[in-house]
Amino acid sequence: MNRVLVILTIDLENLPSNFPEILQQERAVVAQWKQEGFLEQLYLRPTKNGAVLLFKDKTEEEVNQLMTTLPFYPLRKSIETLPLIKDEM
């Protein structure tokens, strides 16, 4: 089973005034992804400037496309996508 790790950093310097509404929309999308089974885990960063998402059963290209649908996508400072291979040890 393949995994793709995504590190999302948002631009805290330029948050819109409706950020709380965007955060609620973001949470709804993430909850839907978890319910659909392809978002394995979401970790919030202690600096509160983003998150780390772990996807399963999606290609890197599919994950990149999914990320563009997030409400936080326009607020991004950076997105790093890392395909992972499980060590069989």
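Numbers below:
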quantity	calculated
Lys48 being of a type in the set (Lys, Arg), in contact with a strand residue (DSSP E or B) (Cβ under 7 Å, 6 or more places away or on another chain) and part of a loop (DSSP other than H, G, I, E, B)	no
Qualifying residues in the stretch 47-73 (those that are loosely packed, with under 12 Cβ neighbours inside 10 Å and at pLDDT 95 or above) - the one nearest to Asp11 (Cα to Cα)	Thr68
Meets criteria (of a type in the set (Gly, Ala, Ser) and open to solvent by 60 Å² or more (accessible area, probe 1.4 Å)) for Ser78	no
Some residue of the stretch 6-25 being surrounded by 15 or more Cβ atoms within 10 Å (Cβ to Cβ), assigned to a loop (DSSP other than H, G, I, E, B) and touching a helix residue (DSSP H, G or I) at 6+ places or on another chain (Cβ under 8 Å)	no
Residues within the stretch 26-46 that are of a type in the set (A, V, I, L, M, F, W, C) and surrounded by 13 or more Cβ atoms within 10 Å (Cβ to Cβ), tallied	6
Any hit, the stretch 64-85, residues being in contact with a Phe, Trp or Tyr (Cβ under 9 Å, 6 or more places away or on another chain) and assigned to a loop (DSSP other than H, G, I, E, B)	no
Count of the stretch 53-71 residues which are out of contact with any Asp or Glu (no Cβ under 7 Å at 6 or more places or on another chain) and free of Cβ contacts under 8 Å to residues at least 60 places away in the same chain	13
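The values are calculated or read from the model by the stated rules, or taken from the named source; none is laboratory data. Keep in mind the model is a prediction, meaning the values are calculated, not measured. A quick note on method: Cβ atoms are made from the backbone with ideal geometry, for glycine too, and the neighbour counts reach across all protein chains shown. With ligands, DNA and RNA removed, areas are computed over all heavy atoms of the protein, side chains included. Shrake-Rupley method; radii C 1.70, N 1.55, O 1.52, S 1.80 Å.
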